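Enquirer: The structure under discussion is supplied below as C-alpha coordinates; questions concerning it will follow.
The values are calculated or read from the model by the stated rules, or taken from the named source; none is laboratory data. Because the structure is a prediction, the values reported are computed rather than measured. Cβ placement follows ideal geometry from the backbone for every residue including glycine, while neighbour counts extend to all protein chains displayed. Just so you know, the surface numbers come from the protein's heavy atoms only, side chains and all, with ligands and any DNA or RNA stripped out. Shrake-Rupley method; radii C 1.70, N 1.55, O 1.52, S 1.80 Å.
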Amino acid sequence: MLCSLLIWLENTVLSTTLETLADPVRGLGADPGQLQWATGAYTLAFATFMFTAGSLGDRFGHRTVFSAGLAVFAGASLWAAYAGDVDQLIAARAVMGVGSALITPATLAILMWTFTGPARAAAVGVFSTSAGVGMATGPVLAGFLLDHFRWGSVFLVNVPVAVFAWAGVAVLVPDFRSPVRRPLDPAGMLLSAGGLVALAFGLIRAGQAAVWSRADVWGPIAAGVVLLAVFVLVELRLKAPGFDPRLLARRAFGGGNLALGLLLFAVAAVTFYQAFYLQGALGFSPMRAGLANIPTALGALAGAPLATRLVRRLSLRLVCVPALTVAALAMGGYGFVGLRTPFAGIGALLFVQGLSVGMVIGPVTAALIGDLPLEQAGAGSAVTNTVRQTGSVIGIAVGGTILSIVYRRAIEPALEGVPGPVREQARASAEQARHVATAAGRPALARAADDAFVHALHVGAGWIAAVALLGAAVLLITLPAAGVRKGRVPAPDLERARGSVRAGRAGR
(Lines give C-alpha, C1' and ligand atoms only; values in the text may rest on other atoms or scores of the structure.)
Protein backbone atom coordinates (compact mmCIF):
# COMPACT_ATOMS: atom_id res chain seq x y z
CA MET A 1 0.00 0.00 0.00
CA LEU A 2 2.90 2.33 0.73
CA CYS A 3 4.29 1.66 -2.75
CA SER A 4 0.90 2.36 -4.31
CA LEU A 5 0.79 5.60 -2.33
CA LEU A 6 4.25 6.48 -3.64
CA ILE A 7 3.16 6.00 -7.27
CA TRP A 8 0.06 8.18 -6.81
CA LEU A 9 2.13 10.79 -5.00
CA GLU A 10 4.37 10.96 -8.04
CA ASN A 11 1.45 11.36 -10.44
CA THR A 12 -0.13 14.22 -8.50
CA VAL A 13 3.14 15.90 -7.53
CA LEU A 14 4.10 16.48 -11.15
CA SER A 15 0.76 18.08 -12.06
CA THR A 16 1.40 20.75 -9.41
CA THR A 17 4.95 21.24 -10.72
CA LEU A 18 4.13 21.79 -14.41
CA GLU A 19 3.63 25.56 -14.11
CA THR A 20 6.98 25.91 -12.30
CA LEU A 21 8.77 23.79 -14.92
CA ALA A 22 7.38 26.09 -17.63
CA ASP A 23 8.84 29.16 -15.90
CA PRO A 24 12.17 30.21 -17.51
CA VAL A 25 13.47 31.58 -14.18
CA ARG A 26 12.21 29.22 -11.46
CA GLY A 27 12.09 26.10 -13.63
CA LEU A 28 13.42 24.83 -16.95
CA GLY A 29 11.47 27.04 -19.37
CA ALA A 30 9.71 23.97 -20.81
CA ASP A 31 7.31 24.50 -23.69
CA PRO A 32 3.90 22.71 -23.83
CA GLY A 33 5.23 19.85 -25.95
CA GLN A 34 8.09 19.20 -23.54
CA LEU A 35 5.68 19.24 -20.60
CA GLN A 36 3.47 16.74 -22.40
CA TRP A 37 6.50 14.48 -22.79
CA ALA A 38 7.57 15.01 -19.16
CA THR A 39 4.12 13.85 -18.11
CA GLY A 40 3.61 11.24 -20.82
CA ALA A 41 7.06 9.59 -20.73
CA TYR A 42 6.33 8.18 -17.29
CA THR A 43 2.92 6.87 -18.31
CA LEU A 44 4.24 5.58 -21.63
CA ALA A 45 6.94 3.47 -19.98
CA PHE A 46 4.41 2.37 -17.37
CA ALA A 47 1.99 1.17 -20.06
CA THR A 48 4.46 -0.63 -22.32
CA PHE A 49 6.48 -2.38 -19.61
CA MET A 50 3.47 -3.43 -17.52
CA PHE A 51 2.72 -6.83 -19.07
CA THR A 52 6.40 -7.77 -19.27
CA ALA A 53 6.70 -6.95 -15.58
CA GLY A 54 3.85 -9.36 -14.82
CA SER A 55 5.69 -12.16 -16.64
CA LEU A 56 8.88 -11.36 -14.72
CA GLY A 57 6.94 -11.67 -11.46
CA ASP A 58 5.60 -15.08 -12.46
CA ARG A 59 9.11 -16.23 -13.35
CA PHE A 60 11.31 -14.73 -10.62
CA GLY A 61 8.84 -14.04 -7.82
CA HIS A 62 6.63 -11.03 -7.30
CA ARG A 63 8.51 -9.76 -4.26
CA THR A 64 11.79 -9.87 -6.18
CA VAL A 65 10.34 -7.85 -9.06
CA PHE A 66 8.61 -5.55 -6.57
CA SER A 67 11.93 -4.78 -4.83
CA ALA A 68 13.69 -4.20 -8.15
CA GLY A 69 10.98 -1.76 -9.16
CA LEU A 70 11.43 0.21 -5.95
CA ALA A 71 15.19 0.43 -6.54
CA VAL A 72 14.68 1.65 -10.13
CA PHE A 73 12.05 4.17 -9.00
CA ALA A 74 14.26 5.60 -6.25
CA GLY A 75 17.31 5.90 -8.53
CA ALA A 76 15.30 7.60 -11.29
CA SER A 77 13.79 10.00 -8.73
CA LEU A 78 17.32 11.11 -7.78
CA TRP A 79 18.12 11.63 -11.47
CA ALA A 80 14.96 13.67 -12.03
CA ALA A 81 15.62 15.81 -8.94
CA TYR A 82 18.97 16.98 -10.31
CA ALA A 83 18.15 17.01 -14.05
CA GLY A 84 19.96 19.86 -15.79
CA ASP A 85 17.49 20.30 -18.65
CA VAL A 86 14.10 19.16 -19.88
CA ASP A 87 15.49 16.26 -21.93
CA GLN A 88 17.15 14.76 -18.85
CA LEU A 89 13.93 15.18 -16.89
CA ILE A 90 11.94 13.40 -19.61
CA ALA A 91 14.42 10.51 -19.64
CA ALA A 92 14.36 10.22 -15.84
CA ARG A 93 10.57 10.25 -15.84
CA ALA A 94 10.56 7.38 -18.36
CA VAL A 95 12.82 5.31 -16.07
CA MET A 96 10.52 6.11 -13.14
CA GLY A 97 7.69 4.70 -15.25
CA VAL A 98 9.64 1.44 -15.66
CA GLY A 99 10.00 1.24 -11.88
CA SER A 100 6.27 1.82 -11.38
CA ALA A 101 5.49 -0.84 -13.99
CA LEU A 102 7.55 -3.37 -12.02
CA ILE A 103 5.74 -2.45 -8.79
CA THR A 104 2.08 -2.38 -9.84
CA PRO A 105 1.44 -5.89 -11.28
CA ALA A 106 3.38 -7.38 -8.38
CA THR A 107 1.16 -5.49 -5.91
CA LEU A 108 -2.06 -6.83 -7.41
CA ALA A 109 -0.64 -10.35 -7.79
CA ILE A 110 0.40 -10.41 -4.12
CA LEU A 111 -3.10 -9.25 -3.11
CA MET A 112 -4.67 -11.99 -5.24
CA TRP A 113 -2.47 -14.68 -3.69
CA THR A 114 -2.86 -13.43 -0.12
CA PHE A 115 -6.64 -12.89 0.03
CA THR A 116 -9.70 -14.76 -1.21
CA GLY A 117 -13.46 -14.23 -1.31
CA PRO A 118 -14.84 -11.04 0.30
CA ALA A 119 -11.44 -10.30 1.86
CA ARG A 120 -9.95 -10.01 -1.62
CA ALA A 121 -12.52 -7.39 -2.64
CA ALA A 122 -11.85 -5.52 0.60
CA ALA A 123 -8.09 -5.63 -0.04
CA VAL A 124 -8.53 -4.23 -3.55
CA GLY A 125 -10.74 -1.54 -2.03
CA VAL A 126 -7.97 -0.58 0.40
CA PHE A 127 -5.57 -0.59 -2.54
CA SER A 128 -7.85 1.85 -4.36
CA THR A 129 -8.17 3.99 -1.22
CA SER A 130 -4.39 4.39 -1.08
CA ALA A 131 -4.68 6.12 -4.44
CA GLY A 132 -7.03 8.65 -2.87
CA VAL A 133 -4.58 9.28 -0.04
CA GLY A 134 -1.83 9.89 -2.59
CA MET A 135 -4.10 12.24 -4.52
CA ALA A 136 -4.79 14.20 -1.32
CA THR A 137 -1.20 14.34 -0.11
CA GLY A 138 0.68 14.84 -3.39
CA PRO A 139 -0.48 18.33 -4.43
CA VAL A 140 -0.18 19.77 -0.91
CA LEU A 141 3.27 18.24 -0.45
CA ALA A 142 4.37 19.54 -3.86
CA GLY A 143 3.00 23.00 -3.09
CA PHE A 144 4.88 23.15 0.21
CA LEU A 145 8.13 21.98 -1.39
CA LEU A 146 7.87 24.38 -4.34
CA ASP A 147 7.16 27.32 -2.03
CA HIS A 148 10.28 26.59 0.06
CA PHE A 149 12.75 24.69 -2.15
CA ARG A 150 13.78 24.26 -5.79
CA TRP A 151 11.57 22.23 -8.12
CA GLY A 152 13.76 19.10 -7.87
CA SER A 153 12.67 18.59 -4.26
CA VAL A 154 9.33 17.15 -5.45
CA PHE A 155 11.24 14.14 -6.85
CA LEU A 156 13.84 13.92 -4.09
CA VAL A 157 11.14 13.26 -1.49
CA ASN A 158 10.41 9.89 -3.16
CA VAL A 159 13.76 8.43 -2.13
CA PRO A 160 13.30 8.01 1.67
CA VAL A 161 9.75 6.71 1.17
CA ALA A 162 11.01 4.12 -1.34
CA VAL A 163 13.80 3.02 1.02
CA PHE A 164 11.35 2.57 3.90
CA ALA A 165 8.92 0.66 1.65
CA TRP A 166 11.74 -1.57 0.38
CA ALA A 167 12.64 -2.55 3.95
CA GLY A 168 9.01 -3.36 4.73
CA VAL A 169 8.64 -5.49 1.60
CA ALA A 170 11.80 -7.45 2.44
CA VAL A 171 10.54 -8.25 5.96
CA LEU A 172 6.79 -8.73 5.49
CA VAL A 173 5.93 -9.85 1.95
CA PRO A 174 6.25 -13.53 0.85
CA ASP A 175 7.85 -14.13 -2.54
CA PHE A 176 4.82 -15.61 -4.36
CA ARG A 177 5.15 -16.73 -7.94
CA SER A 178 2.73 -18.36 -10.31
CA PRO A 179 3.06 -22.14 -10.77
CA VAL A 180 2.49 -21.50 -14.49
CA ARG A 181 5.22 -19.28 -15.83
CA ARG A 182 4.36 -16.95 -18.66
CA PRO A 183 7.21 -16.53 -21.16
CA LEU A 184 8.82 -13.14 -21.62
CA ASP A 185 7.53 -11.13 -24.56
CA PRO A 186 10.29 -8.80 -25.85
CA ALA A 187 8.70 -8.52 -29.31
CA GLY A 188 5.40 -7.44 -27.84
CA MET A 189 7.08 -4.89 -25.58
CA LEU A 190 9.06 -3.37 -28.46
CA LEU A 191 6.04 -3.23 -30.78
CA SER A 192 3.77 -1.67 -28.15
CA ALA A 193 6.42 0.81 -27.05
CA GLY A 194 7.23 1.77 -30.64
CA GLY A 195 3.57 2.16 -31.52
CA LEU A 196 2.69 4.29 -28.50
CA VAL A 197 5.81 6.46 -28.85
CA ALA A 198 5.09 7.10 -32.54
CA LEU A 199 1.42 7.82 -31.85
CA ALA A 200 2.21 10.18 -28.96
CA PHE A 201 4.94 11.91 -30.99
CA GLY A 202 2.56 12.61 -33.86
CA LEU A 203 -0.20 13.88 -31.58
CA ILE A 204 2.14 16.16 -29.61
CA ARG A 205 3.81 17.34 -32.82
CA ALA A 206 0.37 18.42 -34.08
CA GLY A 207 0.12 20.82 -31.15
CA GLN A 208 3.56 22.26 -31.88
CA ALA A 209 2.88 22.67 -35.61
CA ALA A 210 -0.77 23.78 -35.07
CA VAL A 211 -1.83 21.75 -38.15
CA TRP A 212 -2.69 18.10 -38.82
CA SER A 213 -1.80 17.97 -42.53
CA ARG A 214 2.01 17.91 -42.23
CA ALA A 215 3.85 14.65 -42.88
CA ASP A 216 5.69 14.86 -39.56
CA VAL A 217 2.28 14.82 -37.85
CA TRP A 218 0.16 12.24 -39.67
CA GLY A 219 3.16 10.04 -40.56
CA PRO A 220 4.05 9.09 -36.96
CA ILE A 221 0.35 8.74 -36.09
CA ALA A 222 -0.17 6.30 -38.97
CA ALA A 223 3.02 4.41 -38.09
CA GLY A 224 1.90 4.15 -34.46
CA VAL A 225 -1.49 2.73 -35.43
CA VAL A 226 0.15 0.16 -37.72
CA LEU A 227 2.67 -0.92 -35.07
CA LEU A 228 -0.07 -1.31 -32.46
CA ALA A 229 -2.14 -3.39 -34.90
CA VAL A 230 0.88 -5.63 -35.56
CA PHE A 231 1.39 -5.88 -31.79
CA VAL A 232 -2.15 -7.22 -31.32
CA LEU A 233 -1.71 -9.72 -34.16
CA VAL A 234 1.60 -10.96 -32.70
CA GLU A 235 0.07 -11.36 -29.24
CA LEU A 236 -2.86 -13.33 -30.69
CA ARG A 237 -0.45 -15.86 -32.21
CA LEU A 238 1.28 -16.58 -28.89
CA LYS A 239 0.03 -19.34 -26.60
CA ALA A 240 0.89 -17.37 -23.46
CA PRO A 241 1.18 -13.69 -24.43
CA GLY A 242 2.27 -11.02 -21.97
CA PHE A 243 -0.67 -8.90 -23.10
CA ASP A 244 -3.54 -11.24 -23.92
CA PRO A 245 -6.01 -9.58 -26.32
CA ARG A 246 -8.28 -12.63 -26.00
CA LEU A 247 -9.31 -11.45 -22.54
CA LEU A 248 -10.77 -8.32 -24.14
CA ALA A 249 -13.14 -10.56 -26.10
CA ARG A 250 -15.02 -11.17 -22.85
CA ARG A 251 -17.85 -8.69 -23.07
CA ALA A 252 -17.76 -7.35 -19.51
CA PHE A 253 -13.95 -7.46 -19.22
CA GLY A 254 -13.34 -5.84 -22.61
CA GLY A 255 -16.06 -3.23 -22.22
CA GLY A 256 -15.05 -2.39 -18.66
CA ASN A 257 -11.43 -1.90 -19.69
CA LEU A 258 -12.38 0.24 -22.67
CA ALA A 259 -14.51 2.43 -20.39
CA LEU A 260 -11.67 2.73 -17.87
CA GLY A 261 -9.28 3.66 -20.68
CA LEU A 262 -11.63 6.41 -21.86
CA LEU A 263 -12.09 7.64 -18.29
CA LEU A 264 -8.33 7.78 -17.67
CA PHE A 265 -7.96 9.60 -21.02
CA ALA A 266 -10.33 12.27 -19.71
CA VAL A 267 -8.80 12.42 -16.23
CA ALA A 268 -5.24 12.83 -17.59
CA ALA A 269 -6.29 15.58 -19.99
CA VAL A 270 -8.34 17.56 -17.49
CA THR A 271 -5.58 17.28 -14.85
CA PHE A 272 -3.09 18.68 -17.38
CA TYR A 273 -5.43 21.62 -18.02
CA GLN A 274 -6.15 22.18 -14.35
CA ALA A 275 -2.47 22.65 -13.46
CA PHE A 276 -2.13 25.61 -15.82
CA TYR A 277 -5.54 27.05 -15.00
CA LEU A 278 -4.97 27.28 -11.24
CA GLN A 279 -1.37 28.51 -11.20
CA GLY A 280 -1.20 30.27 -14.56
CA ALA A 281 -4.56 31.85 -15.33
CA LEU A 282 -5.70 32.36 -11.71
CA GLY A 283 -2.23 33.07 -10.33
CA PHE A 284 -2.41 30.61 -7.42
CA SER A 285 0.83 29.86 -5.57
CA PRO A 286 1.94 26.20 -5.71
CA MET A 287 0.77 25.72 -2.12
CA ARG A 288 -2.66 27.20 -2.79
CA ALA A 289 -2.98 25.15 -5.97
CA GLY A 290 -2.12 22.04 -3.95
CA LEU A 291 -4.78 22.87 -1.37
CA ALA A 292 -7.28 23.46 -4.18
CA ASN A 293 -6.83 19.81 -5.22
CA ILE A 294 -7.85 18.45 -1.82
CA PRO A 295 -11.58 18.33 -2.74
CA THR A 296 -10.73 15.98 -5.61
CA ALA A 297 -8.87 13.64 -3.29
CA LEU A 298 -11.54 13.79 -0.61
CA GLY A 299 -14.16 12.94 -3.22
CA ALA A 300 -12.11 9.97 -4.45
CA LEU A 301 -11.60 8.74 -0.89
CA ALA A 302 -15.33 8.87 -0.25
CA GLY A 303 -16.31 7.51 -3.66
CA ALA A 304 -14.53 4.13 -3.57
CA PRO A 305 -16.07 2.76 -0.32
CA LEU A 306 -19.44 4.32 -1.12
CA ALA A 307 -19.56 2.58 -4.50
CA THR A 308 -18.47 -0.73 -2.94
CA ARG A 309 -21.45 -0.65 -0.57
CA LEU A 310 -23.87 0.41 -3.30
CA VAL A 311 -22.70 -2.34 -5.67
CA ARG A 312 -23.53 -4.97 -3.02
CA ARG A 313 -27.12 -3.71 -2.88
CA LEU A 314 -27.67 -2.79 -6.53
CA SER A 315 -25.34 -3.79 -9.37
CA LEU A 316 -22.12 -2.62 -10.94
CA ARG A 317 -23.94 -1.12 -13.92
CA LEU A 318 -26.54 0.74 -11.86
CA VAL A 319 -23.81 2.35 -9.77
CA CYS A 320 -20.96 2.99 -12.20
CA VAL A 321 -22.80 4.16 -15.33
CA PRO A 322 -24.45 7.13 -13.53
CA ALA A 323 -21.18 7.86 -11.70
CA LEU A 324 -19.20 7.97 -14.95
CA THR A 325 -21.87 10.20 -16.50
CA VAL A 326 -21.57 12.63 -13.58
CA ALA A 327 -17.76 12.54 -13.92
CA ALA A 328 -18.12 13.50 -17.59
CA LEU A 329 -20.42 16.39 -16.74
CA ALA A 330 -18.05 17.59 -14.00
CA MET A 331 -15.15 17.64 -16.46
CA GLY A 332 -17.34 19.46 -18.94
CA GLY A 333 -17.94 22.00 -16.17
CA TYR A 334 -14.50 23.44 -16.92
CA GLY A 335 -16.18 24.90 -19.99
CA PHE A 336 -17.89 27.42 -17.68
CA VAL A 337 -15.00 28.52 -15.45
CA GLY A 338 -13.15 31.77 -16.04
CA LEU A 339 -10.68 34.22 -14.58
CA ARG A 340 -13.16 35.35 -11.92
CA THR A 341 -14.70 32.02 -10.92
CA PRO A 342 -14.91 31.87 -7.09
CA PHE A 343 -12.78 29.34 -5.30
CA ALA A 344 -15.86 27.70 -3.77
CA GLY A 345 -17.23 26.94 -7.23
CA ILE A 346 -13.95 25.38 -8.35
CA GLY A 347 -13.76 23.32 -5.15
CA ALA A 348 -17.31 22.00 -5.61
CA LEU A 349 -16.55 21.03 -9.20
CA LEU A 350 -13.37 19.21 -8.15
CA PHE A 351 -15.14 17.37 -5.31
CA VAL A 352 -17.88 16.07 -7.62
CA GLN A 353 -15.25 15.02 -10.15
CA GLY A 354 -13.20 13.13 -7.53
CA LEU A 355 -16.27 11.48 -5.98
CA SER A 356 -17.65 10.23 -9.29
CA VAL A 357 -14.29 9.02 -10.62
CA GLY A 358 -13.63 7.22 -7.32
CA MET A 359 -16.99 5.48 -7.63
CA VAL A 360 -15.96 4.04 -11.01
CA ILE A 361 -12.28 3.06 -10.97
CA GLY A 362 -12.15 0.95 -7.79
CA PRO A 363 -15.37 -1.10 -8.20
CA VAL A 364 -14.92 -1.71 -11.93
CA THR A 365 -11.28 -2.79 -11.50
CA ALA A 366 -12.13 -5.12 -8.58
CA ALA A 367 -15.05 -6.68 -10.45
CA LEU A 368 -13.14 -7.24 -13.68
CA ILE A 369 -10.07 -8.79 -12.06
CA GLY A 370 -12.16 -10.80 -9.58
CA ASP A 371 -14.18 -12.29 -12.44
CA LEU A 372 -11.09 -13.97 -13.92
CA PRO A 373 -9.77 -17.39 -12.87
CA LEU A 374 -6.82 -17.11 -10.49
CA GLU A 375 -4.36 -18.38 -13.08
CA GLN A 376 -5.37 -15.49 -15.38
CA ALA A 377 -5.28 -12.82 -12.67
CA GLY A 378 -1.76 -11.70 -13.55
CA ALA A 379 -2.54 -11.48 -17.26
CA GLY A 380 -5.82 -9.70 -16.54
CA SER A 381 -4.09 -7.23 -14.24
CA ALA A 382 -1.52 -6.51 -16.96
CA VAL A 383 -4.26 -5.89 -19.55
CA THR A 384 -6.25 -3.64 -17.22
CA ASN A 385 -3.28 -1.53 -16.18
CA THR A 386 -1.90 -1.31 -19.71
CA VAL A 387 -5.23 -0.10 -21.10
CA ARG A 388 -5.58 2.48 -18.34
CA GLN A 389 -2.06 3.84 -18.77
CA THR A 390 -2.45 3.90 -22.55
CA GLY A 391 -5.60 5.97 -22.08
CA SER A 392 -3.62 8.39 -19.92
CA VAL A 393 -0.80 8.68 -22.48
CA ILE A 394 -3.18 9.47 -25.33
CA GLY A 395 -5.24 11.78 -23.10
CA ILE A 396 -2.18 13.90 -22.28
CA ALA A 397 -1.10 13.98 -25.93
CA VAL A 398 -4.51 14.79 -27.40
CA GLY A 399 -5.61 17.12 -24.58
CA GLY A 400 -2.38 19.11 -24.67
CA THR A 401 -2.48 19.33 -28.45
CA ILE A 402 -6.06 20.67 -28.49
CA LEU A 403 -5.05 23.22 -25.85
CA SER A 404 -2.00 24.36 -27.87
CA ILE A 405 -3.80 24.62 -31.22
CA VAL A 406 -6.81 26.53 -29.88
CA TYR A 407 -4.60 28.83 -27.78
CA ARG A 408 -2.42 29.77 -30.75
CA ARG A 409 -5.42 30.61 -32.89
CA ALA A 410 -7.01 32.64 -30.08
CA ILE A 411 -3.86 34.67 -29.24
CA GLU A 412 -3.01 35.50 -32.86
CA PRO A 413 -5.14 38.71 -33.14
CA ALA A 414 -3.42 40.18 -30.08
CA LEU A 415 0.05 39.68 -31.63
CA GLU A 416 -0.37 42.19 -34.45
CA GLY A 417 2.37 44.80 -34.21
CA VAL A 418 4.27 42.90 -31.52
CA PRO A 419 8.04 42.53 -32.15
CA GLY A 420 9.13 39.18 -33.61
CA PRO A 421 10.91 37.58 -30.60
CA VAL A 422 8.11 38.63 -28.24
CA ARG A 423 5.49 37.34 -30.69
CA GLU A 424 7.13 33.92 -30.99
CA GLN A 425 7.37 33.46 -27.23
CA ALA A 426 3.78 34.59 -26.70
CA ARG A 427 2.58 32.20 -29.39
CA ALA A 428 4.33 29.23 -27.75
CA SER A 429 2.19 29.15 -24.59
CA ALA A 430 0.31 31.31 -22.11
CA GLU A 431 3.12 30.77 -19.58
CA GLN A 432 5.73 32.11 -21.99
CA ALA A 433 3.40 34.97 -22.96
CA ARG A 434 2.98 36.10 -19.35
CA HIS A 435 6.73 36.01 -18.76
CA VAL A 436 7.66 37.95 -21.89
CA ALA A 437 4.79 40.42 -21.33
CA THR A 438 6.18 41.25 -17.88
CA ALA A 439 9.72 41.61 -19.23
CA ALA A 440 8.60 43.81 -22.16
CA GLY A 441 6.14 45.88 -20.12
CA ARG A 442 3.06 44.77 -22.08
CA PRO A 443 0.29 44.01 -19.56
CA ALA A 444 -2.31 43.89 -22.36
CA LEU A 445 -0.46 40.91 -23.87
CA ALA A 446 -0.64 39.03 -20.55
CA ARG A 447 -4.40 39.66 -20.36
CA ALA A 448 -4.82 38.47 -23.94
CA ALA A 449 -2.86 35.28 -23.12
CA ASP A 450 -5.14 34.60 -20.14
CA ASP A 451 -8.24 35.08 -22.29
CA ALA A 452 -6.85 32.84 -25.04
CA PHE A 453 -5.97 30.13 -22.51
CA VAL A 454 -9.46 30.19 -20.95
CA HIS A 455 -11.01 29.90 -24.42
CA ALA A 456 -8.78 26.89 -25.17
CA LEU A 457 -9.72 25.40 -21.79
CA HIS A 458 -13.42 25.68 -22.65
CA VAL A 459 -12.97 23.99 -26.03
CA GLY A 460 -10.85 21.20 -24.55
CA ALA A 461 -13.33 20.60 -21.73
CA GLY A 462 -16.06 19.90 -24.28
CA TRP A 463 -13.97 17.23 -26.00
CA ILE A 464 -12.95 15.69 -22.68
CA ALA A 465 -16.57 15.45 -21.51
CA ALA A 466 -17.55 13.78 -24.79
CA VAL A 467 -14.84 11.11 -24.34
CA ALA A 468 -15.93 10.39 -20.76
CA LEU A 469 -19.58 10.16 -21.83
CA LEU A 470 -18.55 7.63 -24.45
CA GLY A 471 -17.02 5.59 -21.61
CA ALA A 472 -20.34 5.68 -19.73
CA ALA A 473 -22.13 4.46 -22.87
CA VAL A 474 -19.67 1.57 -23.19
CA LEU A 475 -20.31 0.51 -19.59
CA LEU A 476 -24.06 0.70 -20.15
CA ILE A 477 -23.86 -1.58 -23.19
CA THR A 478 -21.30 -4.13 -21.98
CA LEU A 479 -21.99 -4.64 -18.28
CA PRO A 480 -24.84 -7.03 -17.44
CA ALA A 481 -27.75 -5.52 -15.51
CA ALA A 482 -27.07 -7.82 -12.56
CA GLY A 483 -23.37 -6.99 -12.45
CA VAL A 484 -20.30 -8.99 -13.33
CA ARG A 485 -20.79 -12.73 -12.90
CA LYS A 486 -20.47 -13.74 -9.29
CA GLY A 487 -19.08 -17.11 -8.49
CA ARG A 488 -17.01 -18.75 -5.88
CA VAL A 489 -13.44 -17.60 -6.32
CA PRO A 490 -11.02 -20.39 -5.47
CA ALA A 491 -8.50 -19.76 -2.75
CA PRO A 492 -4.91 -19.48 -3.92
CA ASP A 493 -2.90 -22.66 -3.59
CA LEU A 494 -0.28 -21.25 -1.21
CA GLU A 495 1.52 -24.57 -0.74
CA ARG A 496 1.88 -24.92 -4.48
CA ALA A 497 3.20 -21.39 -4.70
CA ARG A 498 5.67 -21.97 -1.90
CA GLY A 499 6.74 -25.19 -3.57
CA SER A 500 7.47 -23.31 -6.77
CA VAL A 501 9.56 -20.84 -4.76
CA ARG A 502 11.60 -23.65 -3.23
CA ALA A 503 12.01 -25.30 -6.61
CA GLY A 504 13.14 -22.04 -8.15
CA ARG A 505 15.71 -21.51 -5.40
CA ALA A 506 16.99 -25.08 -5.80
CA GLY A 507 17.33 -24.50 -9.53
CA ARG A 508 19.41 -21.39 -8.89
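Enquirer: How much accessible area per residue does region 160-301 have, counting only protein heavy atoms and a probe of 1.4 Å, in square angstrom?
Expert: 42 Å²
Enquirer: Using a ≥ b ≥ c from the Cα gyration tensor of region 4-85 (square roots of the eigenvalues), is it rounded, prolate or oblate, where a/c under 1.5 gives rounded and otherwise the larger of a/b and b/c decides, a/b for prolate?
Expert: Prolate, since a/c reaches 1.5 and a/b exceeds b/c.
Enquirer: How many Å² of accessible area per residue for region 1-142, probe 1.4 Å?
Expert: That works out to 28 Å² per residue.
Enquirer: Right, here's the next one. Does region 221-265 classify as rounded, prolate or oblate by the C-alpha gyration tensor (a ≥ b ≥ c root eigenvalues; a/c under 1.5 gives rounded; else a/b over b/c gives prolate, otherwise oblate)?
Expert: Oblate is the answer for region 221-265, as a/c is 1.5 or above yet b/c matches or exceeds a/b.
Enquirer: Measuring from the lowest to the highest alpha carbon on each principal axis, how far does region 44-125 reach, largest first, in angstroms?
Expert: Cα extents, longest axis first: 50, 27, 19 Å.
Enquirer: What are the trypsin sites (Lys or Arg not before Pro) within region 308-342 that DSSP puts in a loop, where the Cβ has at most 10 other Cβ atoms within 10 Å?
Expert: 340
Enquirer: Continuing with this model, one more query. What percentage of the solvent-accessible surface of the chain, computed with a 1.4 Å probe over protein heavy atoms, is contributed by carbon and sulfur atoms?
Expert: That fraction is 69 percent.
Enquirer: Now for a separate question. Within a Cβ distance under 12 Å of residue 122, other residues only, what is the Lys/Arg minus Asp/Glu net charge?
Expert: Summing Lys and Arg as +1 and Asp and Glu as -1 gives +3.
Enquirer: Placing unit charges on C-beta atoms (Lys and Arg positive, Asp and Glu negative, everything else neutral), compute the dipole magnitude of the chain about its Cα centre in debye, rounded to 20.
Expert: Dipole of the chain, to the nearest 20 debye: 1500 debye.
Enquirer: Helix-only estimate, please: 222 nm mean residue ellipticity of the chain, summing -39500 (n - 2.57) across DSSP H runs of length 4 or more and dividing by its residues, to the nearest 500.
Expert: Rounded to the nearest 500, the figure is -27000 deg cm²/dmol.
Enquirer: Rounded to the nearest 10 degrees, what's the angle between the helix 494-507 long axis and the longest principal axis of the chain, both from Cα atoms, 0 to 90?
Expert: Helix 494-507 and the main axis of the chain meet at about 90 degrees.
Enquirer: If a/c stays under 1.5 just call it rounded; otherwise compare a/b with b/c (prolate if a/b is bigger, oblate if not). Do that for the chain, with a ≥ b ≥ c from the square roots of the Cα gyration tensor eigenvalues.
Expert: prolate
Enquirer: Could you tell me the distance between the Cα centroids of region 241-278 and region 447-465, to the nearest Å?
Expert: If we compute the Cα centre of each part, the gap is 24 Å.
Enquirer: Count neighbours as other Cβ atoms within 10 Å of each site's Cβ, and list the chymotrypsin sites (Phe, Trp or Tyr not before Pro) in region 73-133 that are DSSP loop with at most 14 such neighbours.
Expert: Passing both the DSSP loop test and the Cβ count: 82.
Enquirer: Now for a different question. With axes computed from alpha carbons, what is the tilt in degrees of helix 32-60 against the longest principal axis of the chain, rounded to the nearest 10 within 0 to 90?
Expert: 10 degrees
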